[in-house]
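The numbers here are math on the coordinates, done by the rules we state, and not lab data. All of these numbers come straight from a predicted model, not from anything done at the bench. Cβ placement follows ideal geometry from the backbone for every residue including glycine, while neighbour counts extend to all protein chains displayed.
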Amino acid sequence: MGDAQPPTESFTLDHFVNLYLAKDDPWDNASKWSDQRKYAVTLASLPRARYRNAYEPGCAVGILTAMLAPRCDSLLAVDAVGAAVTQARAAVADFPGVRVEEALLPADLPAETFDLIVVGDLLYYLNATDLAATIDGLIARLEPEGDLALAHFRDRENGGNYDGFNAHAELLARPELTPVVHHEDDWFLLDILRRTP
């Protein structure tokens, strides 16, 4: 649990492309109660009613993206898989302030900065090198007093796996970030961290 290590190699793009070839919504984000609950808790835990410019890497089919959109003046959502991007664009078609783009982390981190970054069920797919580069990149793009929301699966059934507990610990250890909200239950962890001015 506490000493689990990231995977030796980051999960490949082909791995995720194949998941979407097999099923339109590989994780059943649109229908699974645990995900609906996780999204609701995440939204309710955001400290501010509205954000100027938000970023959601790993947006999958855009379920959370569509929920975030009404609270953001501008929102950039990205995913590495083209099929996911197509579905996410359809999910947010009614929100002109939302852009959905294809991007692979950490190579394709955006150039702009954000007052909200939301990362869900993404970080534990990265090896140690890619994880460190992604964390550094996210912090560099988080504006002072900006909020970083992390929501990841907690694998309580299979001890020793690198999961949300481990991924969140990496960010909680960063001195640039101050914990604002922490929620833990049987299925997921939620942490909201604020960039120290």
Exposure rule at most 16 other beta-carbon atoms within 10 Å, DSSP loop trypsin sites (Lys or Arg not before Pro): the chain longest free segment: 51-155
With Leu189 itself left out, Lys, Arg at +1 and Asp, Glu at -1 over residues whose Cβ is under 10 Å from its Cβ give -2
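Could you tell me which of rounded, prolate or oblate describes the chain, using a ≥ b ≥ c as the square roots of the eigenvalues of the alpha-carbon gyration tensor, with rounded for a/c under 1.5 and, failing that, prolate when a/b is larger than b/c and oblate otherwise?
On the way: a/c = 1.29, a/b = 1.04, b/c = 1.24.
Since a/c stays below 1.5, the shape of the chain is classed as rounded.
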Summed side-chain charge close to Val119 - residues other than Val119 whose Cβ falls under 12 Å, Lys, Arg +1, Asp, Glu -1: -4
Length released on extending from Glu184 to Arg71, taking residue separation times 0.36 nm less the Cα-Cα span: 38.3 nm
Exposed-site-free run, longest, the chain (rule: GluC sites (Glu not before Pro); DSSP loop; at most 16 other C-beta within 10 Å): 10-111
To the nearest Å, what is the center-to-center distance of region 1-33 and region 53-100, using C-alpha atoms only? 18 Å
Using a Förster distance of 25 Å, how high is the FRET efficiency between Ala107 and Leu43, based on the Cβ-Cβ distance and rounded to 0.05? 0.30
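Counting only other residues whose beta carbon sits under 15 Å from that of Arg71, what net charge do I get with K and R as +1, D and E as -1? Let's see the in-between values first.
Working: positive: Arg48, Arg50, Arg52; negative: Glu56, Asp73, Asp94, Asp115, Asp147.
Neighbour charge sum, excluding Arg71 itself: -2.
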Is any residue of region 72-106 close enough, with backbone N under 17 Å, to a label point placed 7 angstrom from the Cα of Arg174 along the Cα-Cβ axis, and if so, which? 105-106
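About its Cα centre, how strong a charge dipole does the chain have in debye, to the nearest 20, once Lys and Arg get +1 and Asp and Glu get -1 at the Cβ? Intermediate results must be reported in sequence, preceding the final value.
Values: 16 positive and 31 negative charges, 121 e Å.
Value, rounded to 20: 580 debye.
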